[in-house]
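S.K.: Please read through the structure below; I'll follow up with questions.
The values are calculated or read from the model by the stated rules, or taken from the named source; none is laboratory data. Worth saying up front: this structure is predicted, and the values here are computed from it rather than measured. Cβ sites come from the backbone with ideal geometry, for glycine too, and all protein chains shown count toward neighbours.
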């Protein structure tokens with residue numbers, strides 16, 4: 001997955017689509033927005049992304065952070081902090097992200113922004129956001145943010 005994100009970023013770096021920003025970001029990298037193919041051995045490989053309505057110019061770290069949040073920390077059955085740190089390190093290694101100091105703050109910014117946007121849109125009358133809020137998306141987002149904040153330093157030590 002991280003290699004596919006890196007390919008997207010490398011293809012859009014310094015392009016007109018990226019404008020004055022670093023790359024084009026998908027901004028919603030999640031399993032539900034990924035197309036997989038059967039590898040023939042019982043596993044599935046990511047081959048493409050769908051749902052580009054949130055895509056736009058941005059920074060590499062933002063998309064990598066979103067990927068890490070959605071595929072490691074965002075899971076309600078998330079691993080313990082040590083295992084999470086190891087999984088984040090694998091993502092960073094596969095992407096080629098050597099500077100990782102800003103990763104956890106970027107993950108937390110994604111988490112915080114997400115639940116706040118849902119809450120604000122729901123309060124403004126957006127029906128989809130109201131449904132998400134009613135299904136617990138705001139509470140889950142707050143809890144995930146809090147978990148990440150609580151374990152940030154422990155994860156960062158393992159992340160390297």
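S.K.: If residue 17 satisfies all but one of (1) closer than 16 Å to residue 114 by Cβ; (2) assigned to a loop (DSSP other than H, G, I, E, B), what's the number of the condition it fails?
M.R.: (1)
S.K.: Here is a list of conditions, (1) under 14 Å from residue 69 (Cβ atoms); (2) buried (at least 16 other Cβ atoms within 10 Å of the Cβ); (3) modelled with pLDDT of 95 or more, and residue 121 meets all of them except one; can you say which number that is?
M.R.: Condition not satisfied by residue 121: (1).
S.K.: Determine whether the stretch 77-99 contains at least one residue that is part of a loop (DSSP other than H, G, I, E, B), modelled with pLDDT under 95 and under 20 Å from residue 32 (Cβ atoms).
M.R.: Within the stretch 77-99, one or more residues are part of a loop (DSSP other than H, G, I, E, B), modelled with pLDDT under 95 and under 20 Å from residue 32 (Cβ atoms).
S.K.: Right, here's the next one. Here is a list: 143, 149. Which entry is surrounded by 13 or more Cβ atoms within 10 Å (Cβ to Cβ), part of a helix (DSSP H, G or I), modelled with pLDDT under 95 and more than 12 Å from the chain's Cα centre (by Cα)? Spell out how you get there, then give the answer.
M.R.: Details: 149 fails: modelled with pLDDT under 95.
Among 143, 149, only 143 is surrounded by 13 or more Cβ atoms within 10 Å (Cβ to Cβ), part of a helix (DSSP H, G or I), modelled with pLDDT under 95 and more than 12 Å from the chain's Cα centre (by Cα).
S.K.: Would you please name the residue that is nearest to residue 111 (Cα to Cα), looking only at residues in the stretch 20-35 that are in contact with a strand residue (DSSP E or B) (Cβ under 8 Å, 6 or more places away or on another chain) and without any contact (Cβ under 8 Å) to a residue 24 or more places away in the chain? Lay out the reasoning, then the answer.
M.R.: Going residue by residue through the stretch 20-35, those that are in contact with a strand residue (DSSP E or B) (Cβ under 8 Å, 6 or more places away or on another chain) are 20-27, 29, 33-35.
Narrowing the set further to residues that are without any contact (Cβ under 8 Å) to a residue 24 or more places away in the chain leaves 33, 35.
Details: 33: 18, 35: 23 Å.
Across the stretch 20-35, the extreme among qualifying residues is 33.
S.K.: Scan the stretch 59-101 residue by residue and report those that are within 16 Å of residue 27 (Cβ to Cβ) and without any contact (Cβ under 8 Å) to a residue 40 or more places away in the chain.
M.R.: Answer for the stretch 59-101, where residues must be within 16 Å of residue 27 (Cβ to Cβ) and without any contact (Cβ under 8 Å) to a residue 40 or more places away in the chain: 59, 68.
S.K.: Residues of the stretch 36-63 being part of a helix (DSSP H, G or I) and touching a strand residue (DSSP E or B) at 6+ places or on another chain (Cβ under 9 Å), which ones? Break it down stepwise before answering.
M.R.: The initial filter retains those residues of the stretch 36-63 that are part of a helix (DSSP H, G or I), namely 60-63.
Correct list: 60, 62, 63.
S.K.: So which of 45, 8, 17 ends up being under 18 Å from residue 93 (Cβ atoms), surrounded by 11 or more Cβ atoms within 10 Å (Cβ to Cβ) and either touching a residue at least 24 places away in the same chain (Cβ under 8 Å) or in contact with a helix residue (DSSP H, G or I) (Cβ under 8 Å, 6 or more places away or on another chain) (or both)?
M.R.: Working: 45 fails: either touching a residue at least 24 places away in the same chain (Cβ under 8 Å) or in contact with a helix residue (DSSP H, G or I) (Cβ under 8 Å, 6 or more places away or on another chain) (or both); 17 fails: under 18 Å from residue 93 (Cβ atoms).
It is 8.
S.K.: So, in the stretch 48-67, how many residues would count as being surrounded by 18 or more Cβ atoms within 10 Å (Cβ to Cβ) and over 21 Å from residue 138 (Cβ atoms)? Before you say what the answer is, go through the steps one by one.
M.R.: So in the stretch 48-67, the residues surrounded by 18 or more Cβ atoms within 10 Å (Cβ to Cβ) come out as 49, 58, 60-67.
Narrowing the set further to residues that are over 21 Å from residue 138 (Cβ atoms) leaves 49, 58, 60-64, 67.
Number of matching residues: 8.
S.K.: Moving to a separate point now. Given (1) part of a helix (DSSP H, G or I); (2) free of Cβ contacts under 8 Å to residues at least 24 places away in the same chain; (3) over 27 Å from residue 4 (Cβ atoms), where does residue 125 come up short, assuming only one miss?
M.R.: (1)
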